[in-house]
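Engineer: This structure is in structure tokens; I'll ask about it shortly.
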Amino acid sequence: MNIIEKNNLVDEAYNQLLQMIASGEWVEGSKLPSESQLCETLGVSRNTVRVALSKLNALGLIESRQGFGYSVRNLNIGIYLNSMLPTMLLHSRDLESITEFRIGVESEAAAVAAERATAEDLERMRVACEKAEAHMGDPDMFAKYDMEFHWAVAEASKNQLFIKAAEMLESMYTVWLMGLLRTHGMEKSHVFHYNIYCSIANKKGDDAKRYMTEHMEDVLRKVRIDNERKRKLKEKTEQ
């Protein structure tokens, strides 16, 4: 744990306490340090510590017992993901960092989906591909079905980490994706999606992973092109 120096003290205290629980440093059933000890360790006021603890308590991650203080509850994976993953992703505010994150996560999700996808999962992917193709001239609608396809792949993996990541990325990424599609077109993404879908349907995990990796690396290339264009425009306007 580190002494907190940033402006939003409650959020920073909360994030550090949450990390202690998530990392297993404070195991289930263990007693948390006293408020005074936490104040000293984090370098914040007692009120800041109390509010941060209240947030953890409200999420069901810790519980208070009379005469004992706070202890770590039996962790529920859904509660943990709902609180931790948004914080992780929102700390990567630039699209390049988020896209790099997507490459690793979504490529592995596609590989796992090839092993676990049900008929219903495959139907969701197929429908998303078809609807995206039907809106090739409409970047906004294509973006909607583009993200639906990625979410369907994540859900087919049956892995809650992949599914939660897809949920968070959909809300963060869709609006930006509309602009990228207007600039760079939709055809290439559609071809990648179709190849990923076919690979998963045929239970070819290595192919599904490869196509998803190539797809997301192509997106990253476009992100970097746009970022460089913006950087040059900014330099020009500042001259």
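The values are calculated or read from the model by the stated rules, or taken from the named source; none is laboratory data. As the structure is a computational prediction, the values presented were derived from the model and not from experiment. Reconstructed Cβ throughout: ideal geometry from the backbone, glycine too, with neighbour counts over all protein chains shown. Each accessible area value is taken on the protein alone, full model and side chains, heavy atoms only, with ligands, DNA and RNA left out. Shrake-Rupley method; radii C 1.70, N 1.55, O 1.52, S 1.80 Å.
Engineer: Run down ASP146, ASP140 and say which single residue is open to solvent by less than 20 Å² (accessible area, probe 1.4 Å) and either assigned to a helix (DSSP H, G or I) or not aromatic (Phe, Trp, Tyr) (or both).
Structural biologist: Going through ASP146, ASP140 in turn, the sole match is ASP146.
Engineer: Here's a check for you: in the stretch 218-238, which residue that is acidic (Asp, Glu) and under 12 Å from GLU96 (Cβ atoms) is least open to solvent (accessible area, probe 1.4 Å)?
Structural biologist: ASP226
Engineer: Could you give me the residue pairs with C-beta distances under 8 Å whose first residue belongs to the stretch 142-161 and is over 16 Å from PHE192 (Cβ atoms), whose second residue is of a type in the set (S, T, N, Q) and part of a helix (DSSP H, G or I) wherever it lies, and which are 6+ apart or on separate chains?
Structural biologist: LYS144/THR174
Engineer: For the stretch 166-213, which residues satisfy the criterion of being free of Cβ contacts under 8 Å to residues at least 40 places away in the same chain, among the acidic types (Asp, Glu) and farther than 22 Å from GLU130 by Cβ?
Structural biologist: Residue satisfying the conditions is GLU167 alone.
Engineer: Regarding the stretch 92-114, can at least one residue be identified that is over 29 Å from ARG224 (Cα atoms), assigned to a helix (DSSP H, G or I) and at pLDDT 90 or above?
Structural biologist: yes
Condition check ((1) farther than 16 Å from GLY69 by Cβ; (2) open to solvent by 40 Å² or more (accessible area, probe 1.4 Å); (3) not polar (S, T, N, Q)) across all residues:
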residue	(1), (2), (3)
ALA13	yes, no, yes
ILE21	no, no, yes
SER36	no, yes, no
THR48	yes, no, no
SER54	no, yes, no
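Engineer: Something else: Return the total of residues in the stretch 56-87 being modelled with pLDDT of 55 or more and open to solvent by 70 Å² or more (accessible area, probe 1.4 Å).
Structural biologist: Looking only at that region, the number is 9.
Engineer: Please name all residue pairs, on different chains or six or more residues apart, with Cβ atoms under 9 Å, provided the first residue is in the stretch 30-58 and is within 9 Å of ALA13 (Cβ to Cβ) and the second residue is assigned to a helix (DSSP H, G or I) and open to solvent by 70 Å² or more (accessible area, probe 1.4 Å).
Structural biologist: LEU38/ARG46
Engineer: I'm trying to understand the selection: among the residues of the stretch 205-233, which are over 25 Å from the mean Cα position of the chain (by Cα) and more than 22 Å from MET178 (Cβ to Cβ)?
Structural biologist: The answer is LYS232, and nothing else.
Engineer: If you don't mind, there's one more thing I want to ask. Taking the stretch 23-33, which residues are over 24 Å from the mean Cα position of the chain (by Cα) and either at pLDDT below 75 or open to solvent by 40 Å² or more (accessible area, probe 1.4 Å) (or both)?
Structural biologist: VAL27, GLU28, GLY29, LYS31, PRO33
Engineer: Quick check on MET172: is it at pLDDT 95 or above and open to solvent by less than 60 Å² (accessible area, probe 1.4 Å)?
Structural biologist: Criteria not met by MET172.
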